[in-house]
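Reviewing the structure listed below.
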Amino acid sequence: GEMLGTFLLVSLVAATGGNAFLVGIGYIAIVLMFFSASGAQVNPAVTFGLWAMRKLSTAKMLFYWMAQFVGAIAAILVMNAFASSKFEISLASFTQWNWAVVSAEVFGAAIFMFVIAAVLQRGNTDTDKAVGMGIGLFVALLVSSAMLQQAVTTASSGATEGSEAPRITKLNGTTV
């Protein structure tokens, strides 16, 4: 469930360009499909959060992470094949941290995780949980993307003519 759910979520994000509303609605459907099988975490940050809340054992967390990473990589490969483009992974800029991006992602992930924690603490039906989680992802994407957009605007205004634009200016949304 985690591998297929993550595959679907990453494919959905890629296909919609990260549209927060469509991703939130799609996440509701993914949670409804896989909640009873695996909890439908389909996000390593959520899995980590549930492990930190002691809702998952360490062994299960590591197994879920492996399944989620395999699902995400498979989605990227499949979406790339449909786009008829050459797949490349470059770690050239891996060490170039931008704290605005990291802050937006961490803040969005925290919002998402707090919503999931609240939803799971209640004795609601699976449908109620799915809707709550989907709305939580929608809100987390909106807030973190707004934070990132502010950072992009600031970086763009600071760029001088003739110089290469900062890497952050090429971003148009967060992934939480």
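Within region 14-28, restricting attention to residues that are open to solvent by 50 Å² or more (accessible area, probe 1.4 Å) and part of a helix (DSSP H, G or I), which residue is nearest to LYS129 (Cα to Cα)? In this case the residue turns out to be ILE25. Over 23 Å from ILE135 (Cβ atoms), touching a Leu at 6+ places or on another chain (Cβ under 9 Å) and surrounded by 15 or more Cβ atoms within 10 Å (Cβ to Cβ): which single residue out of MET3, MET79, MET61, MET33 fits that description? The unique qualifying residue is MET61. When the residues of region 93-140 are filtered to those that are at pLDDT below 80 and either under 24 Å from THR154 (Cα atoms) or of a type in the set (Phe, Trp, Tyr) (or both), the one that is surrounded by the most Cβ atoms within 10 Å (Cβ to Cβ) is ASN98. Taking the criterion of being closer than 15 Å to THR6 by Cβ and either in contact with a strand residue (DSSP E or B) (Cβ under 7 Å, 6 or more places away or on another chain) or surrounded by fewer than 16 Cβ atoms within 10 Å (Cβ to Cβ) (or both), the only residue of region 36-58 that qualifies is ALA37.
The values are calculated or read from the model by the stated rules, or taken from the named source; none is laboratory data. Keep in mind that this is a model prediction, so the values were computed, not measured. Quick reminder, even Gly has a Cβ in these numbers, built from the backbone with ideal geometry, and neighbours come from all protein chains shown. These accessible areas exclude ligands, DNA and RNA; they are computed on the full protein's heavy atoms, side chains included. Shrake-Rupley method; radii C 1.70, N 1.55, O 1.52, S 1.80 Å.
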